[in-house]
Amino acid sequence: MATSATRWLLFAVISAIYFTISAATFSSLGIVLPYMISELSWSWSQAGTGFSLLALLVGLASALPAWTIRRFGIAATYGIGGAIMVVGFGLLALTSGIYSYLVAASMLGLGFALCAVVPAVYLLNGWMPDNRSAVIGAYFTVGGLGAVAGPLAANGFMAATHSWRLYWWTMAAAMLVLTLLALIFVKSPPVAAAAAGGEAQDRVRGNQRDWRFREAIRTPQYWVISLSMTATLLCVLTTSSFAPAHLTSLGISTGVAATVLSTNGAVGALSRYLGGALATRIDPKWLLVAGALGEGIGMAALSVADNHLALGIFAVSEGFGFGMCLLATTVLLVNYFGPSENPEIYGTFNLITTLAMVGPYIGGLIKDIFGGFGGLFQGCALCMLLIVAMVVAMRPPTPKFS
């Protein structure tokens with residue numbers, strides 16, 4: 001059995017990977033893209049296609065880690081994902097045309113799926129079952145901090161070097177080092193630990209046995225949890241796409257808007273840690289209720305955010321809501337269906353949430369038709385209230401198998 005120090009070293013390595021890929025992909029690409037566009041004479045629509053492919057591949061490949069873990073092992077999963085990301089960053093650094101950029105962005109999305117939450121939750125379930133909620137919350141917090149640090153690091157790097165190629169080479173080197181560390185320190189959890197329930201208090205865990213994947217996805221609880229996170233991500237993606245323009249249209253300066261959105265991101269990161277600590281004492285179902293309610297309140301406040309009070313409510317409430325929903329849905333899937341087939345259960349859950357990508361498209365249509373975003377965010381608020389009602393009515397699933 002591994003020592004406590006070995007377990008925490010494993011946690012540090014996979015968390016460092018999550019921090020880095022969160023900072024170097026979604027959070028950095030938007031900062032570096034203008035420099036690439038300027039040098040390579042791309043259109044913004046071409047550049048945006050790469051960002052969309054990055055997000056799309058992360059979602060479509062969400063079920064892939066379950067297969068690689070079963071087929072090749074957990075260390076190999078990180079090794080394959082890390083190698084793909086190193087090549088992806090290298091292609092970005094060497095990009096001279098739009099097609100190599102699109103291939104690179106797609107590879108980064110594929111590598112992200114193999115190195116991020118699905119394999120990490122499998123490891124944390126197996127190596128730290130007695131306090132998995134807290135360590136999963138800490139892991140998500142590190143990833144959230146990566147998203148906060150990414151734009152600052154990319155902006156500082158570009159200001160100092162003015163070389164977007166060097167930036168991507170630096171990310172490739174960082175990912176190479178972390179991949180080698182993963183191959184050294186990431187080990188499959190003991191069979192007994194991987195199958196153990198952990199945190200077996202009735203108020204925290206809904207079932208005392210593992211479900212098979214095919215049985216879990218047939219339960220209404222699985223779909224309520226999946227729909228909850230899909231709706232939350234739809235709100236988040238829509239906010240990311242249109243909140244700056246919406247706030248500007250309401251008379252909010254770009255500086256104040258940026259501060260509000262940064263605060264929102266920081267609150268989201270901290271709420272993941274808070275959720276992990278609370279999930280050991282409170283049924284995560286009620287954390288999901290609180291998160292969905294916070295997301296709805298935040299969307300309602302954003303729709304009328306032409307004053308500091310509404311801005312503050314949005315920044316805190318939406319940030320809290322997103323972080324809490326992200327943590328609570330992850331823990332609920334383990335608590336309700338067990339950890340043994342969690343890679344398949346959680347990977348498919350992530351694949352379902354890819355549907356949230358329609359949010360920005362729908363938002364654009366609403367803006368074109370109605371000329372504003374206020375109704376869009378109010379519609380998101382109503383959607384989250386429906387989610388609250390569904391989660392309140394949800395009960396732990398009852399096995400129908402022996």
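The values are calculated or read from the model by the stated rules, or taken from the named source; none is laboratory data. Here the structure is a predicted model, which means the values were calculated and not measured. Quick reminder, even Gly has a Cβ in these numbers, built from the backbone with ideal geometry, and neighbours come from all protein chains shown.
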Of a type outside the set (S, T, N, Q) and surrounded by fewer than 16 Cβ atoms within 10 Å (Cβ to Cβ): does that describe Leu145?
no
Residue under question is Leu250, and the condition is that it be touching a residue at least 60 places away in the same chain (Cβ under 8 Å) and buried (at least 17 other Cβ atoms within 10 Å of the Cβ); does it hold?
no
Hey, among Leu123, Leu102, which residue is under 30 Å from Phe337 (Cα atoms) and either in contact with a helix residue (DSSP H, G or I) (Cβ under 8 Å, 6 or more places away or on another chain) or crowded, with 21+ Cβ neighbours inside 10 Å (or both)?
Leu123
Test Val135 against the stated conditions and say whether it is within 21 Å of the chain's Cα centre (by Cα) and in the same structural domain as Lys187 (by TED's automatic domain parsing).
yes
Are any of the residues in segment 378-399 under 17 Å from Arg218 (Cβ atoms), out of contact with any Phe, Trp or Tyr (no Cβ under 7 Å at 6 or more places or on another chain) and at pLDDT 90 or above?
yes
Ala279 - would you say it is touching a helix residue (DSSP H, G or I) at 6+ places or on another chain (Cβ under 6 Å), closer than 27 Å to Trp223 by Cα, touching a residue at least 12 places away in the same chain (Cβ under 8 Å) and of a type in the set (A, V, I, L, M, F, W, C)?
yes
If a residue must be modelled with pLDDT of 95 or more and surrounded by fewer than 21 Cβ atoms within 10 Å (Cβ to Cβ), how many such residues does segment 258-289 contain?
1
Go through (1) touching a residue at least 60 places away in the same chain (Cβ under 8 Å); (2) in a helix (DSSP H, G or I) for Pro339 and report which single condition fails.
(2)
Expected output for segment 151-178 (first residue touching a residue at least 24 places away in the same chain (Cβ under 8 Å), partner surrounded by fewer than 17 Cβ atoms within 10 Å (Cβ to Cβ), Cβ below 6 Å, 6+ apart or cross-chain) is Trp164/Tyr35
Restricting to helices (runs of 4 or more DSSP H) lying wholly in segment 215-330: which have 1 or more residues that are among the acidic types (Asp, Glu) and assigned by TED's automatic domain parsing to the domain that holds Leu351?
284-303
Just checking, which of Phe349, Phe322, Phe314 is in contact with an Asp or Glu (Cβ under 7 Å, 6 or more places away or on another chain) and buried (at least 24 other Cβ atoms within 10 Å of the Cβ)?
Phe322
